[in-house]
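To start, the structure under review is shown below, and the notes come after it.
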Amino acid sequence: MKTFKMGGVHPEENKISTNAVIEQMPLPKQVAVLMNQHLGAPATPIVAKGDKVKVGQLIAEAQAFMCANIHSPVSGTVNKIDVCKDMVGLPKTAIYIDVEGDEWMETIDRTPDIKRECTLEPKEIVAKLKEMGIVGLGGATFPAHIKYSVPEGKKAEYLIINAAECEPYLTSDHRVMMEHPEEICIGVSLLRKALGVPNAYIGIESNKPEPIRVMTEAAKKFEGIIVEPLIVKYPQGAEKQLINAITGRKVPSGKLPIDVGCVVSNIGTTFAVYEAIQKNKPLIENILTVTGKKLPSQHNYQCRIGITYNDIIKHALGSLPETTGKVISGGTMMGKAVSNLDAPTTKGASSVLVMDEEESRRRPETNCIRCGKCINACPMGLEPYLFSALVKNNRIEEAQAHNILDCIECGCCFFSCPANKPLTDEIRLGKNKVRAMMAAKK
Amino acid sequence: MNLLKISGSPHVHSDESTKKIMWLVNLALVPMLLTGIAYFGLNALLISIVSVACCCLFQWLIEKFIMKVPTTVCDGSAIVTGLLLAFNVPATAEMIWMVAIGALVAIGVGKMTFGGLGKNPFNPALVGRVFMLISFPVQMTTWPTVGKWFPMSFDTVSGATPLGLIKEGVKNGQSLSEVLAAPDMPSLCDIFLGHMGGSLGEVSAIAILIGAIYLLCRKVISWHIPVAFIGTAFIFSGILWLADPTQFIDPLTTILTGGIMLGACFMATDMVTSPMAKSGQLVFGVGCGLLTIIIRNWGAYPEGVSFAILLMNSVTPLINRWCKPTRFAC
Amino acid sequence: MILTAVLVLGAIGVIFAIVLYFVAQKFKVLEDPLIDEVAEVLPGANCGGCGKAGCRAMAEAFVKQGNMDGLKCPAGGEEVAKKVAALLGCTPEVSDPMVAVVRCNGSCANAVAKNNYDGLKDCAFANSVYAGESGCVFGCLGLGNCANACQFGALSIDPETGLPVVDEEKCTACGACVKACPRGIIELRKKGVKNRRVYVACRNKEKGAAARKACSAACIGCGKCEKTCPFGAIKVENNLAYIDFNLCRLCRKCVAECPTGAIHAVNFPPLPPKKETPAENAPAPAPAPAPTATPTPAAAPAV
């Protein structure tokens, strides 16, 4: 079995919601659709207060290059376009829609039949991805149409599908693979066609034997789809690490995967691609894991985008347990702590992880004992302990010289630090300072 | 309901902690303590107890009354220092009180003056040991001979370490083969088991290996420093031995006698004072090995491990600067 | 024997002395002695408030320019300016003394915590992670970057309110805290007659209801103060009032008018007791009727 070569840690897996079949989350009374759910510039609203919208109707348009279309996840009336606090409490623009019934756009194929044939040309596939507002669902929410438009002079050789799901707790990818293996394979074939690559590799960590079996079975019917079991190690799902694990290639500092002939896509995205291309369904739903060690039940839900965290918690759990310490959107290693439960979910959301008070408590920081565990854990071969000292003393230029910007913020250094130093926090602060310094120099 | 906590990711932590590391090291030191007691009896036990107690006491006093910070005695690092200091002195009755002075220097000068655990440039136990060696040269080089198992009396017959015998013999114009053939020179098997003169904890190679393998398995230390240290000492002394077997002792005796095993596995691997990157650790180990053999063969002292490690400690920041971990895709 | 040693050592000493003498001659740096004199009168704290790398660099700049136009040591104030002017032989640039003012009243009581921050104790980092414990995106995060930046020990975080407190005696208005605050809460304002100042202790640009939701002492942008001010010193922009300290005449009409107590007046004698009732029962947001007239900042919660 393969894995990446350098660093990495193995946190407790805690995949306790693997057996929870994906359920449909009921429609909320109101949704708030944020205008920047993707990496890049916010989309521009094209509806106004009082407009009637249908499910899947375009409500905000990508006008900048790095942007994605946004479609209405519900049917109803536009209540207002106003400021909305996101999950960490920062104000963003959102379209609020009052839900009335569930009327879908006529173009969307809602039958459960699997549609296998596709007559679209590669260019047309990419154009349709843009139209349907597809973004990467692995966390970075990178607009898909940009990723699949291979720039002039570069050639894609590998398509790598990230189904590592290396983050603890998360099981949405696991469930999608179990429930929609064939659709995923069609989605992968479409992406293969769009890129014109011979083979697509689906990397799945070996702690998911069932999905590996199901996907291998499904892939047999398709040409050029290879399921690649991987040794369980975090951060296997990080783009550079996954490329290294599967192809042995290394993306140099400051370069993109395409520079070494690779394109990486999340498994959730391939399902969204299938639905968008074959069923004309824009990205209006995503699959969320609702999990936590102390929760009475574990769930995987298909939710409309724009439903609030509170709505999800209310439906899944009634209310948060008394002992809740932290609610995290995403995994425990790279997810964001939610401070505002009234915030709507976005395209990139993958979980509502409820952590117990005790589990979430950070232990007090002690002196660095220079053990070097952070160096051994770092998958990028950096020196987190050094950044910590440099950032603390505001020696930003030196931090830059030691390649602080190569850090992928995977959290392995903090995870393995015996002194509990918040290394990842310090490095993030340092990166912000380096970027500010570079901007000031320009 | 509690207020929701907010922090940057990651939101989980491994069960690593300084305390855990230090207690694992303490556990790994137990075989040496046991063999020390087995060979040197009550003296060994008393020296260890006094040393550990004094290290903890001095750390507590300094933290409480001078630095005015919460005490960190429970993290176990003072106990590690205390045990290593005790293991580095001869198990004679005088050492029971002398080791208390060594503990004061080890903790007070070697560690707390720099700000406590993690800030000290030199291995505190070695600072204490070298201080004692320079202050009490006679007592620190008067070794009890190992007679029967578990000697229970405090009176000991003093003898010399194999290295001391060789150094003295060669100085007096004897040839090496004569010295090695002398009746008080232990056999290789005795040396391996530790049935010879020497410091309290350094005599038994087998006990040290048990402790070191345990630490390697628990991933507290990595193989780089011990292997580089012992390997370099072996190769370098082997070259010398091949060049002139009448002047230099064979490499196996070299690495099994004196403090090389203890130093390589427990003193040089001290996290605080050794380099962080793997390549740096190899450089550090090689440097320690070379210096040890150089001091042993051409220095005034029969043993050079402490000095070698302290000298390499002083260049650790430079090694850290030059030996960087391999960057991804570089 | 002894003689040889003395001779040899003596000869070595003489040779080195000669070498040193020539080296010193050859590599002599010609430096205006005035720089030393100017550096002597500067505060020597190297706070960076002037924008130079340190006091020495500032002294060099003074001497190079020959006058004080455009160069100002904010930490030294008028006294240092006079001394430097005397050394340079020019007239000192006279400006009003300034002081750092904390424009947030989001104390623990006013802006009740809705989350519990558990990360790196650094305002700039916390600012990049979330909105703030109370949910106010503009308010003080209370992690003390300003206090750490202050070279004069003039800033400290009050553990009771969680807000920074400026010691007016120690503050030199160097501006280091202004740069350190990621949210631009601290402003250098005119020290004012008898240290009296009136200012809006809020930076919240959200609409009134949203601002109020996060903090009971927030400026809600109602505009009452703007209408009340007889000197046109107050402007409300983006739901936030700002008092121009050059126009403000310290009449305190706005203070009485403000419905949330966001406008603070410090170091004033107590007002005649006419608007006492609404302010008295709220302990923290009662800035206007300061109970004592002492010049210490104890009277006002946020200065």
- Message: Rg and Dmax in Å for the range C:44-142, alpha carbons only: what are they?
- Response: 20.3, 59
- Tell me, rounded to the nearest percent, the portion of alpha carbon pairs in the range B:156-322 spaced more than 25 Å apart. 30 percent
- Query: Using bins 5 angstrom wide from zero, how does P(r) for the range B:18-140 break down, in % of all Cα pairs?
  - Reply: 2, 13, 23, 24, 20, 12, 5, 1, 0
- Residues in the range A:2-43 that a label on A:Lys314 would reach, taking backbone N under 14 Å of a point 7 Å out along Cα→Cβ: A:26-32
- Query: Using bins 20 angstrom wide from zero, how does P(r) for the protein assembly as shown break down, in % of all Cα pairs?
  - Reply: 11, 30, 32, 21, 5, 0
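Please give me the summed charge of the neighbours of C:Val236: other residues whose Cβ is under 14 Å from its Cβ, Lys and Arg +1, Asp and Glu -1.
Values: positive: C:Arg203, C:Lys205, C:Lys207, C:Lys224, C:Lys227, C:Lys235; negative: C:Glu206, C:Glu226, C:Glu237, C:Asp244, C:Glu257.
Residues close to C:Val236 contribute a combined charge of +1.
Given +1 on the Cβ of Lys and Arg, -1 on the Cβ of Asp and Glu, and no further charges, what dipole in debye does the range B:18-140 carry about its Cα centre, rounded to the nearest 20?
Values: 7 positive and 3 negative charges, 68 e Å.
The dipole of the range B:18-140 has a size of about 320 debye.
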- Sequence ranges A:72-79, A:226-233, ranked by mean other-Cβ count within 10 angstrom, highest first: A:72-79, A:226-233
- Item | 20 Å tail of the calculated P(r), the range A:50-114, as % of Cα pairs | 41 percent
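Where does each of B:Asp270, B:Asp15, A:Asp51 land when they are ranked from fewest to most other beta-carbon atoms within 10 angstrom? Before the final figure, lay out each step's value.
Working: B:Asp270 25, B:Asp15 7, A:Asp51 16.
In increasing order of surrounding Cβ atoms, one gets B:Asp15, A:Asp51, B:Asp270.
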- Message: Please compute the length gained on full extension between A:Met1 and A:Asn79, using 0.36 nm multiplied by the number of residues separating them and subtracting their Cα-Cα distance.
- Response: 22.8 nm
- Computed E for A:Ala439/C:Gln151 - FRET, C-beta separation, R0 30 angstrom, nearest 0.05: 0.70
- Using the C-alpha gyration tensor of the range B:197-287, what are the square roots of 5 times its eigenvalues, in whole angstrom, with the largest one first? 24, 17, 10
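Within 10 Å of each residue's Cβ, count the other Cβ atoms and sort B:Leu84, B:Leu180 from fewest upward. Spell out each step's value before the answer.
Details: B:Leu84 27, B:Leu180 16.
Least crowded to most crowded, the residues run B:Leu180, B:Leu84.
Which net charge results for the neighbourhood of C:Gly135, defined as the other residues with beta-carbon distances under 9 angstrom from its beta-carbon, given Lys and Arg at +1 and Asp and Glu at -1? Don't skip to the end; give the middle numbers.
On the way: positive: A:Lys85, C:Lys114, C:Lys213; negative: C:Glu133.
Combined, the nearby Lys, Arg, Asp and Glu give +2.
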- Solution diffusion estimate, µm²/s, Stokes-Einstein, chain C, Kirkwood Rh from C-alpha pairs, 4 °C, viscosity 1.567 mPa s: 59 µm²/s
- Item | Mean shadow area of the range A:122-279, taken as a quarter of the surface of its Cα convex hull (nm²) | 8.5 nm²
- Could you work out how far the C-alpha centroid of the range C:202-225 sits from that of the range B:39-101, in angstrom? 62 Å
- Two pseudo-spin positions, 7 Å from Cα along C-beta at A:Ile46 and at C:Leu247, lie apart in nanometres by 4.5 nm
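At a 10 Å Cβ-Cβ cut-off, how would you order C:Asp167, A:Asp102, fewest neighbours first? If you can, show how the numbers build up before the last one.
Details: C:Asp167 17, A:Asp102 12.
Neighbour counts put them in this order, fewest first: A:Asp102, C:Asp167.
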- Can you grab the distance from the C-alpha centre of the range A:156-200 to the C-alpha centre of the range A:33-92, Å, no decimals? 27 Å
- Task: May I ask which of A:Lys92/C:Lys179; A:Lys15/A:Lys294; A:Lys52/A:Lys128; A:Lys373/A:Lys421; A:Lys155/A:Lys281 have a Cα-Cα span longer than 21 Å here?
- Result: A:Lys92/C:Lys179; A:Lys52/A:Lys128; A:Lys155/A:Lys281
- Under 5 Å between amide H atoms, partner at least 5 residues away or on a different chain: which partners does A:Leu230 have, H built in plane at 1.01 Å? A:Ile204, A:Glu205, A:Ser206
- Query: Say each of B:Ser175 and C:Thr4 gets a label point 7 Å from the Cα, pointing the same way as Cα to Cβ; how far apart are those two points in nm?
  - Reply: 4.0 nm
- Query: Which net charge results for the neighbourhood of A:Ser297, defined as the other residues with beta-carbon distances under 14 angstrom from its beta-carbon, given Lys and Arg at +1 and Asp and Glu at -1?
  - Reply: +2
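Which value at 222 nm does the protein assembly as shown reach when only helices count, each DSSP H run of 4 or more adding -39,500 (n - 2.57), with the total divided by all residues and rounded to the nearest 500 deg cm²/dmol? Before the final figure, lay out the partial values.
Values: 39 runs with 403 residues, N = 1075.
Dividing the helical sum by the residues of the protein assembly as shown leaves -11000 deg cm²/dmol.
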- Scaled by the rule-of-thumb 2.2 N^0.38 Å, the alpha carbon Rg for chain B gives a ratio of 1.03
- Which whole-number percentage describes the relative contact order of chain B, with Cα contacts under 8 Å and a sequence gap of 6 or more? 17 percent
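Please work out the FRET efficiency for the pair B:Leu42 and B:Val138, using the Cβ-Cβ distance as r and a Förster radius of 25 Å; give the result to the nearest 0.05.
Numbers: r = 22 Å, r/R0 = 0.89.
Calculated value: 0.65.
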- Message: Pairs of alpha-carbon atoms within less than 8 angstrom and 6+ residues apart define the contacts here; what relative contact order does the range B:1-127 have, in percent?
- Response: 26 percent
- How much FRET efficiency would the formula 1/(1 + (r/R0)^6) give for A:Trp104 and A:Glu210, where r is the Cβ-Cβ distance and R0 is 41 Å, rounded to 0.05? 0.80
- Anyone know which of C:Lys83, C:Lys224, C:Lys28 comes out most mobile in the 10 Å Cα GNM of chain C? C:Lys28
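Mind checking the mean number of beta-carbon atoms from other chains within 10 Å of the Cβ atoms in A:373-386?
Values: counts 6, 1, 6, 6, 2, 3, 1, 5, 8, 4, 6, 0, 2, 4.
Across the residues of A:373-386, the mean count of other-chain Cβ atoms within 10 Å is 4.
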- Query: Between A:Glu12 and A:Gln24, how many nm apart are label points set 7 Å from Cα along the C-beta direction?
  - Reply: 3.7 nm
- Task: Apply the Karplus parameterisation 6.51 cos²θ - 1.76 cosθ + 1.60, with θ equal to phi minus 60°, to every residue of the range A:34-39 and state each ³J(HN,Hα) to the nearest whole Hz, in sequence, with x for glycine and proline.
- Result: 5, 8, 10, 9, 9, 6
- Query: Expressed as cubic angstrom per residue, what is the convex hull volume of the alpha carbon set of the range C:116-249?
  - Reply: 118 Å³
- Averaged over residues of B:318-329, the number of beta carbons from other chains lying within 10 Å of each residue's Cβ is 6
- Note on the structure: Amide H proximity to A:Gly136 below 5 Å, modelled H, separation 5+ or other chain, gives A:Thr141, A:Phe142, A:Ala144
- Query: Considering the zone a paramagnetic label at B:Trp322 would reach in this model (a point 7 Å from Cα along the Cα-to-Cβ line), which residues of the range B:287-301 have amide N under 18 Å from it?
  - Reply: B:287-292
- Mind checking the dipole of the range A:1-154: about its Cα centre, +1 per Lys or Arg Cβ, -1 per Asp or Glu Cβ, Debye to the nearest 20? 500 debye
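Coordinate-derived values only; no laboratory data. Since the model is a prediction, treat every value here as computed from it, not as a measurement. We place every Cβ from the backbone using ideal geometry, glycine too, and count neighbours over all the protein chains shown.
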